[in-house]
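Shown next, in structure tokens, is the structure this report addresses.
We did not get these values from a lab; they are worked out from the coordinates using the rules stated. In this text the structure is predicted, and so the values were computed from the model without any measurement. Positions of Cβ are generated from backbone atoms using ideal geometry, with glycine treated the same way; all protein chains shown enter the neighbour counts.
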Amino acid sequence: MGTYITTDELAEKIKYDARYIRNSLIDSVFIEGVHYIKPFGRRKILFLWEKIEKEMLQSSLDVAPVIPLRAGGVLHG
């Protein structure tokens, strides 16, 4: 299955405020059924740590490399 963690535990792991996670990241970055669940249809939210970790690592790999130019600029490749 995976490791279920609370909002406060997630906030500690990724160094974000728990309120920011609840107010800004839920349903925009974290999708219900993929990154988190509401067990028994209740208000409590449990995050799936492995899914979130995979998403964070994948997002950092998707960034195009930056190639420095001699004149001081950069080329996004």
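On the stretch given as region 31-49, residues that are loosely packed, with under 12 Cβ neighbours inside 10 Å and either of a type outside the set (A, V, I, L, M, F, W, C) or assigned to a loop (DSSP other than H, G, I, E, B) (or both) total 8. A search for C-beta distances below 8 Å between a residue of region 16-43 that is in contact (Cβ under 8 Å) with a residue 24 or more places away in the chain and among the aromatic types (Phe, Trp, Tyr) and any residue that is exposed (fewer than 14 other Cβ atoms within 10 Å of the Cβ) and part of a helix (DSSP H, G or I), counting only pairs 6+ apart in sequence or on different chains, returns nothing. Report, by residue number, each residue of region 1-30 that is in a helix (DSSP H, G or I), of a type in the set (D, E, K, R) and farther than 17 Å from residue 44 by Cβ. Within region 1-30, 12, 13 qualify.
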